Amino acid sequence: MCCTSCFSIPLVTVRLLLTSVAVLYGQRLLFGASSSNDDERSKLGGRWTRRISLAISVVISLLLAALAVFLLVLSTNDDYRRRNMVGLVVRQNLKSSPLDLHRCSIFNMGEDGGVRGRVLEYGPGPGTNFKCFPGRADDNNNTDAADYTTTTTTTTTTTTTTAARPSVDIIEEYVAIEPNPYFEDEIRKERDARGLTFPLRFVGMRGEDANANDGVVVDGYYDVVILTHVLCSVESVSDVLVNAERALKPGGRIIFMEHVAAGRGSLTWYEQALVAPILYIIGNGCTFRNLRHDIGMQLGDRFDIMIEDFDAPMPLFMHFVRPHIKGVAIKK
Ligand SMILES: C[S@@+](CC[C@H](N)C(=O)[O-])C[C@H]1O[C@@H](n2cnc3c(N)ncnc32)[C@H](O)[C@@H]1O
């Protein structure tokens, strides 16, 4: 298997290994080896303090070294990194989270909002957004349900039932542009699990490369383009947005929700600076970007753009994946 980063050791691995050694060395300097002067040791709390501090230092040092090796393996083995990413996103994103309120709100933003017709999604992962799609088996607020009021008459009773309109009637076609092939099975499973019935085409390609030139998508054809938590990992935000614009019909909409770089000097900004090299490897190239600016600049006045900033609570170990922007951009 081809591997672009083979033989290059990521800087973060080197830093973590050096920190791991420094923690042990620092412990030894502070508390001394077993042969050092007893008086000095007693100043720092005696034998038990020394033992406890040694145990803590060894644990921290081993954890740092394990993380360093894990990142090295991920960065040199593309296939393993992709599989690991699938496991992570499936575990985290498919379950419900406080972010869902915002995620699902964009699917009904603006007049004539909603996901319908021909839909193109960049980087859908395991189909995280399906939890917001109309026509789900668990969709009690389906605004299209009224169209599907059916009357059943038997010899003794007459019952009227309101069934959710099947998604195949709302979404004519759904195309997933997803470079990680290990998401294909997951996205199909998620569609079926949600009781969604629209036809799904999986295109194993990057958003930067998928356009009408190679016949993957059709220009001016789609009603909706979806982008959520994907622009952090693409190589070129502008190439993806150019392709999205080409693919949309006039009047079509891009709906988006992305995490962005925190304000310079804020606590989250420092957190982001600390985790950025690790996230870059684990998250397949994910970085913190000023996407409010990038989206505005790229789509310009060819789109009507509604964009909101928000700061949703995130799970502890993803605390730095904030703040967010969400919105809709309608092609004029
Ligand atoms: C963090 S996941 C987000 C998945 C999903 N959109 C969500 O909201 O949970 C990022 C996704 O973007 C995909 N991705 C990364 N680079 C991409 C690119 N250049 N074009 C399209 N998708 C890409 C990844 O494979 C992954 O599925």
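Of all residues in segment 165-192, those that are modelled with pLDDT under 95, aliphatic (A, V, I, L, M) and in contact with a Leu (Cβ under 9 Å, 6 or more places away or on another chain) total 2. For TYR270, the stated conditions do not hold, so it cannot be described as of a type in the set (Phe, Trp, Tyr), surrounded by 15 or more Cβ atoms within 10 Å (Cβ to Cβ) and out of contact with any Lys or Arg (no Cβ under 8 Å at 6 or more places or on another chain).
Taking segment 267-286 as the range and being touching a Leu at 6+ places or on another chain (Cβ under 8 Å) and either within 15 Å of the ligand (Cβ to nearest atom) or without any contact (Cβ under 8 Å) to a residue 24 or more places away in the chain (or both) as the test, the residues that pass are ILE278, ILE281, ILE282, CYS286.
Of all the criteria given as (1) within 16 Å of the chain's Cα centre (by Cα); (2) within 10 Å of the ligand (Cβ to nearest atom); (3) not aliphatic (A, V, I, L, M), the one not satisfied by GLU208 is (1). Looking at THR143, THR160, can you tell me which residue is among the hydroxyl-bearing types (Ser, Thr, Tyr), modelled with pLDDT under 65 and not in a loop (DSSP other than H, G, I, E, B)? Among THR143, THR160, only THR160 is among the hydroxyl-bearing types (Ser, Thr, Tyr), modelled with pLDDT under 65 and not in a loop (DSSP other than H, G, I, E, B). Looking at segment 217-266, which of the residues that are aliphatic (A, V, I, L, M), within 12 Å of the ligand (Cβ to nearest atom) and in a loop (DSSP other than H, G, I, E, B) is surrounded by the most Cβ atoms within 10 Å (Cβ to Cβ)? Residue satisfying both the conditions and the ranking: LEU231.
Entry remark, segment 210-232: residues being modelled with pLDDT under 95 and within 30 Å of PRO323 (Cβ to Cβ) number 1 in total.
Within segment 308-326, restricting attention to residues that are surrounded by 15 or more Cβ atoms within 10 Å (Cβ to Cβ) and away from the ligand (no atom under 15 Å from the Cβ), the residue that is farthest from ILE9 (Cα to Cα) is GLU308. For segment 193-209, the candidate set comprises residues that are over 25 Å from LEU231 (Cα atoms) and among the aliphatic types (A, V, I, L, M); within that set, the residue that is surrounded by the fewest Cβ atoms within 10 Å (Cβ to Cβ) is ALA193.
Which of the residues belonging to segment 95-127 are surrounded by fewer than 20 Cβ atoms within 10 Å (Cβ to Cβ), within 12 Å of the ligand (Cβ to nearest atom) and at pLDDT 90 or above? Answer for segment 95-127, where residues must be surrounded by fewer than 20 Cβ atoms within 10 Å (Cβ to Cβ), within 12 Å of the ligand (Cβ to nearest atom) and at pLDDT 90 or above: ASP100, HIS102, CYS104. Looking at segment 274-286, can you tell me whether even one residue there is at pLDDT below 95 and exposed (fewer than 14 other Cβ atoms within 10 Å of the Cβ)? Looking through segment 274-286, at least one residue is at pLDDT below 95 and exposed (fewer than 14 other Cβ atoms within 10 Å of the Cβ).
Scanning segment 64-79 for residues being out of contact with any Phe, Trp or Tyr (no Cβ under 8 Å at 6 or more places or on another chain) and surrounded by 14 or more Cβ atoms within 10 Å (Cβ to Cβ) gives a total of 10.
The values are calculated or read from the model by the stated rules, or taken from the named source; none is laboratory data. The structure presented is a predicted model; accordingly, all values stated were derived computationally and were not measured. Every residue, glycine among them, receives a Cβ derived from its backbone with ideal geometry; neighbour counts consider all protein chains shown.
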